[in-house]
Amino acid sequence: MKKVLTKDFFERPTLSVAREMLGKYLVRRVRGREVVAMITEVEAYDGFRDKASHAHRGETRRNAVMFGNAGVWYVYLVYGMHEMVNIVTGGKGYPAAVLIRGVEGVLGPGRVTKHFHISRPLDGKVAEEQNGLWVEDRGVRIHAKEIRRLPRVGVAYAGAWAEKKYRFVYLSSKRFKTKRTGGRPVRGSYH
DNA sequence: ACGATGATGAAC
DNA sequence: TTCATCATCGTA
């Protein structure tokens, strides 16, 4: 059971897509090499009003693909050195995307792109085999109890939007630990 | 705790 | 054209 996810999967409410991306497989094929891993951590960036989203200030050259068709890669550079990979969700004209923050064995969005050799030339490309980067459903089903919803990382400037639990983590991903202070989980940490 | 490193967007 | 900021990471 191996099915390449297409536009119909991504052209739905962003939070649903984000949650359902856990357990799916990111596949990269370039120069005869294939890299595959199960997605274990994602974040949703949803609409014009989401202050943490690049789309909040309106359409620009960088974020234009977020306003376009679902099922397209949105790849950009942050902090001068890390590429981030997102997949566009929702209908055309509605800016939204899901950031892939971690896969099994590779936690951290900058590490994911490095591991999969993903960089800006993929920005704006459709997620399909022909473009060398796509998402597969391989039949893994993740139970709601295995998912933790947390605030997004690195968006403290976004006020109330920073507190929304738009980050989805697959708990059984072995490397994910939760630090606790006063008994409350605060953030994921990487080991 | 901090510096690396460069693109982006808003101000001037 | 300048400037602050930034969906981070490795080293300390």
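Data table
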| read-out | value |
| --- | --- |
| Members of region A:86-105 that are under 13 Å from the mean Cα position of the chain (by Cα) and either more than 19 Å from A:Leu15 (Cβ to Cβ) or surrounded by fewer than 19 Cβ atoms within 10 Å (Cβ to Cβ) (or both) | A:Val103 |
| Verdict on A:Leu5 being more than 13 Å from DNA strand C (Cβ to nearest atom), out of contact with any helix residue (DSSP H, G or I) (no Cβ under 8 Å at 6 or more places or on another chain) and of a type outside the set (S, T, N, Q) | yes |
| So A:Val106, is it modelled with pLDDT of 95 or more, under 23 Å from A:Glu129 (Cβ atoms) and more than 14 Å from DNA strand B (Cβ to nearest atom) | yes |
| Options A:Gly23, A:Gly32: the member that is away from DNA strand C (no atom under 12 Å from the Cβ), of a type in the set (Gly, Ala, Ser) and free of Cβ contacts under 8 Å to residues at least 12 places away in the same chain | A:Gly32 |
| Among residues of region A:35-55, those that are assigned to a strand (DSSP E or B), under 15 Å from A:Pro13 (Cβ atoms) and more than 11 Å from DNA strand C (Cβ to nearest atom), counted | 0 |
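The values are calculated or read from the model by the stated rules, or taken from the named source; none is laboratory data. Worth saying up front: this structure is predicted, and the values here are computed from it rather than measured. No Cβ is skipped: glycine too gets one built from the backbone with ideal geometry, and neighbour counts run over all protein chains shown.
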